[in-house]
1. Here's a check for you: in the stretch 1-31, which residue that is surrounded by 14 or more Cβ atoms within 10 Å (Cβ to Cβ) and more than 21 Å from residue 73 (Cα to Cα) is modelled with the lowest pLDDT?
2. Can you tell which of 109, 93 is assigned to a loop (DSSP other than H, G, I, E, B) and either farther than 19 Å from residue 21 by Cβ or in contact with a helix residue (DSSP H, G or I) (Cβ under 7 Å, 6 or more places away or on another chain) (or both)?
3. Would you please list the contacts, defined by Cβ atoms under 8 Å and residues six or more apart or on different chains, that run from a residue in the stretch 13-37 that is in contact (Cβ under 8 Å) with a residue 40 or more places away in the chain to a residue that is assigned to a loop (DSSP other than H, G, I, E, B) and surrounded by fewer than 10 Cβ atoms within 10 Å (Cβ to Cβ)?
4. Filtering the stretch 102-135 down to residues that are surrounded by fewer than 14 Cβ atoms within 10 Å (Cβ to Cβ) and within 23 Å of residue 31 (Cα to Cα), which residue is farthest from the chain's Cα centre (by Cα)?
5. Working only within the stretch 59-101, note down all residues that are over 24 Å from residue 42 (Cα atoms), out of contact with any strand residue (DSSP E or B) (no Cβ under 8 Å at 6 or more places or on another chain) and surrounded by fewer than 14 Cβ atoms within 10 Å (Cβ to Cβ).
6. Would you confirm, using the coordinates I've provided, whether residue 126 is in contact (Cβ under 8 Å) with a residue 12 or more places away in the chain, in contact with a strand residue (DSSP E or B) (Cβ under 8 Å, 6 or more places away or on another chain) and within 14 Å of residue 192 (Cβ to Cβ)?
7. Residue by residue through the stretch 186-207, note down the ones that are touching a residue at least 40 places away in the same chain (Cβ under 8 Å) and either closer than 12 Å to residue 169 by Cα or part of a loop (DSSP other than H, G, I, E, B) (or both).
8. Just to be sure before I move on: is residue 55 touching a strand residue (DSSP E or B) at 6+ places or on another chain (Cβ under 8 Å) and either under 26 Å from residue 220 (Cβ atoms) or exposed (fewer than 11 other Cβ atoms within 10 Å of the Cβ) (or both) in the structure I sent?
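The values are calculated or read from the model by the stated rules, or taken from the named source; none is laboratory data. Keep in mind that this is a model prediction, so the values were computed, not measured. Here the Cβ positions follow ideal geometry from the backbone for every residue, glycine too, while neighbour counts run over all protein chains shown.
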């Protein structure tokens with residue numbers, strides 16, 4: 001059994017510590033809850049199907065069921081929608097429908113929707129350069145990057161997000177928000193300054209897709225500047 005008292009900002013991502021920390025992230029870092037609005041919540045029809053018995057070949061080309069994948073992968077929850085109906089929903093590791101949980105890159109979906117709403121209401125223009133909203137970017141590798149480039153992850157910036165590389169740009173970026181204390185002294189103290197310290201390009205803006213978390217943070221920073229409101 002994991003000793004919860006021994007989990008801290010240095011070891012929270014490691015298994016089995018993350019089985020506790022992902023549901024208790026507020027106890028380790030400054031966080032922001034995403035609350036639902038005042039409107040009535042959508043209701044989904046439930047039509048349970050035994051999809052957990054489906055067999056497939058995993059990355060090691062071994063046969064396993066979806067249920068085995070969830071158990072062996074230490075999943076906390078799993079929900080499947082099909083044509084607006086919930087066909088499977090299950091929780092593990094003490095989690096339930098009301099539990100809080102770190103969402104990691106699911107935040108990209110929320111930010112993308114927010115950007116679309118702001119664009120539709122003409123608060124921002126996704127085809128404008130980020131430097132038009134934040135002059136700091138005008139002399140950086142993001143000088144020709146538009147919000148659309150950032151949304152599509154086709155910007156020019158060179159950025160390594162290889163998770164098993166402890167020196168990847170991604171881990172240095174996480175240190176600016178306290179996720180990687182061992183790297184904090186080596187890096188800027190905020191996400192804007194970190195973005196500005198990136199000096200290399202790997203392509204022309206708009207050339208090709210490359211998943212890079214820094215671009216999501218660029219979007220958020222740009223929205224804050226354009227609307228003069230914090231994304232909280």
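1. Checked the stretch 1-31; the qualifying residue modelled with the lowest pLDDT is 9.
2. Numbers: 109 fails: assigned to a loop (DSSP other than H, G, I, E, B).
After ruling out the rest, the residue left standing is 93.
3. Correct list of pairs: 32/232.
4. From the stretch 102-135, those surrounded by fewer than 14 Cβ atoms within 10 Å (Cβ to Cβ) are 103-106, 109-110, 112-113, 116-117, 120-123, 127, 135; that's our starting set.
Next cut, within 23 Å of residue 31 (Cα to Cα) only: 103-106, 109-110, 112-113.
Working: 103: 7, 104: 4, 105: 2, 106: 5, 109: 8, 110: 9, 112: 11, 113: 14 Å.
The selected residue is 113.
5. Residues satisfying the conditions are 59, 60, 61, 62, 71, 73, 74, 94.
6. Values: in contact (Cβ under 8 Å) with a residue 12 or more places away in the chain: yes; in contact with a strand residue (DSSP E or B) (Cβ under 8 Å, 6 or more places away or on another chain): yes; within 14 Å of residue 192 (Cβ to Cβ): no.
The answer is no for residue 126.
7. Looking only at the stretch 186-207, we keep the residues that are touching a residue at least 40 places away in the same chain (Cβ under 8 Å), and these are 192, 195-196, 198-207.
Answer for the stretch 186-207, where residues must be touching a residue at least 40 places away in the same chain (Cβ under 8 Å) and either closer than 12 Å to residue 169 by Cα or part of a loop (DSSP other than H, G, I, E, B) (or both): 195, 198, 199, 200, 202, 203, 204, 205, 206, 207.
8. Values: touching a strand residue (DSSP E or B) at 6+ places or on another chain (Cβ under 8 Å): yes; either under 26 Å from residue 220 (Cβ atoms) or exposed (fewer than 11 other Cβ atoms within 10 Å of the Cβ) (or both): yes.
So residue 55 passes the test.
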